[in-house]
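As structure tokens, the structure follows; a few thoughts come after it.
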Amino acid sequence: MSAVAEPVVPSAVTKCVRIESIDVVRGVIMIIMALDHTRDFFGNSRLNPTDPATTTIPLFFTRWITHFCAPVFFTLTGTGAYLALRKKTKRELSWFLFTRGLWLIFLEVTVVRCLGLQFNFDYHVTILNVLWALGWAMIVLSGLVYLPAWAVTAFGVVLIATHNLFDSVDSDNPVWTILHSPNFLLNHPGHVVLVAYVLIPWVGVTAAGFGLGQIFSWSSQRRKAFLLPLGLGLTASFIILRAINIYGDPQRWSTQRSGAFTLLSFLNTTKYPPSLLFLLMTLGPALLFLRAVDAGTPRWLRPALVVGKVPMFYFLLHIPLIHLIAVTVCYARYGHVHWMFESPTLGQFPITPPPNWAHSLPIIYLIWAIVVLTLYPLCLWFAALKQRRNDAWLSYF
């Protein structure tokens, strides 16, 4: 991402117009994300959906398409932070990012864990997921914003490109666990804390997104001319590096029982932590999509635009809603719901499934549609509320 001159930012600016292309891309990502969490609650938790040896093609792509969610969300978080400089000083932005980062970490270990994923407060199993890493990424960015935008961008790109050099480091040191190697922070009988979303390279993805924010001061034509080669270049880099099969992902692809499953192996890159190839595979097409909607939001994507304006509100509601639907289905099938409130094993996360619980993909897609349609009017209401009011607390949702 090339550097451009930073804009001169006044200390007080009237409320800025939101950039539709960012909101619509973020909205699409949030809607797709709900599919993955619906599969988590209603699918077969013991089956790895991306393992070519055991998966099916529909199941693989049901999981694979959701790989785009986290990289795009972290990137656009950084982009949104840069755009906030239109109405905040760097000091004001730094404080906002720092406090919002702490808020997200708090939400991860309380609201999301206890009122969303597990419906209990026993803390037998706690997994530090996306809000944990996003919160820390914001805290780090709160310090980086004082640097020139090109330096923040370079920091992010270096983290993304080089972190796989450390894949061979085998350590259960808590600091290394938090930074790069998903592992247990606490592993005692009765209480487990697992870091799933490590900070590197997610902090780098957010920093690179901050640099991307610079292009939104350009004309649409110039911006689209920049996004096209960048998106194509990242996608081509993924194909070339993955074909070479030497660097960029700890998991090599291999020839499978058919050409189709060999393709699945080729696409099966590592998310925990996100490898260089995982990020190239997802961010390249995402930038091309961002370019495609730059001139305006197609009518059929207008609902996604609404969701993209209130992503945190949507996020905090969708997991409890999916879990509530699971409780309802469980009671209808078994007459009991105790499983839905019991802490699961790590292999069965996020719930302890009842006997023969796993549902078919068509059922999972149907429940996903119900979730999105249920949340849409709520998102429409909250987006209108944010547009009408400037209360500081609204910016934290």
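The values are calculated or read from the model by the stated rules, or taken from the named source; none is laboratory data. Please read all numbers here as calculations on a predicted model, not as lab measurements. Glycine gets a Cβ as well: all are built from the backbone with ideal geometry, and neighbour counts include every protein chain shown. Calculation scope for accessible area: heavy atoms of the full protein, side chains included, ligands and nucleic acids excluded. Shrake-Rupley method; radii C 1.70, N 1.55, O 1.52, S 1.80 Å.
Within region 203-236, the set of residues being closer than 21 Å to A84 by Cα and of a type in the set (S, T, Y) comprises T206, S217, S219, S220.
Checking the stated criteria, L241 turns out to be in a helix (DSSP H, G or I) and surrounded by fewer than 19 Cβ atoms within 10 Å (Cβ to Cβ). Scoring L147 on the criteria (1) part of a helix (DSSP H, G or I); (2) out of contact with any strand residue (DSSP E or B) (no Cβ under 7 Å at 6 or more places or on another chain); (3) open to solvent by 40 Å² or more (accessible area, probe 1.4 Å) leaves a single failure, condition (1). Of the residues making up region 44-55, those that are β-branched (V, I, T) and surrounded by 13 or more Cβ atoms within 10 Å (Cβ to Cβ) are T50, T55. The residues on offer are R113, R91, R26, and the sole one that is in contact with a Ser or Thr (Cβ under 8 Å, 6 or more places away or on another chain) and at pLDDT 95 or above is R113.
Checked against the criterion of being open to solvent by 40 Å² or more (accessible area, probe 1.4 Å) and in a loop (DSSP other than H, G, I, E, B), region 210-223 has at least one qualifying residue. Against the conditions (1) surrounded by 20 or more Cβ atoms within 10 Å (Cβ to Cβ); (2) within 19 Å of H67 (Cβ to Cβ); (3) not aliphatic (A, V, I, L, M), where does T153 fall short? Just the number, please. In the conditions (1) surrounded by 20 or more Cβ atoms within 10 Å (Cβ to Cβ); (2) within 19 Å of H67 (Cβ to Cβ); (3) not aliphatic (A, V, I, L, M), T153 misses (2) alone. The set of residues in region 306-323 being under 18 Å from I364 (Cβ atoms) and in contact with a Phe, Trp or Tyr (Cβ under 8 Å, 6 or more places away or on another chain) consists of I322, H323. If the condition is being surrounded by 15 or more Cβ atoms within 10 Å (Cβ to Cβ) and touching a Ser or Thr at 6+ places or on another chain (Cβ under 9 Å), then region 181-203 contributes S181, N183, V192, V193, L194, V195, V198, P201. Does L385 satisfy being out of contact with any helix residue (DSSP H, G or I) (no Cβ under 9 Å at 6 or more places or on another chain), surrounded by fewer than 20 Cβ atoms within 10 Å (Cβ to Cβ) and either in a helix (DSSP H, G or I) or at negative phi (or both)? Answer is no for this residue. Among the conditions (1) assigned to a helix (DSSP H, G or I); (2) open to solvent by 50 Å² or more (accessible area, probe 1.4 Å), the only one that N390 does not satisfy is (1). Restricting region 56-94 to residues that are surrounded by 18 or more Cβ atoms within 10 Å (Cβ to Cβ) and of a type in the set (D, E, K, R) leaves a set whose member that is nearest to A358 (Cα to Cα) is R63.
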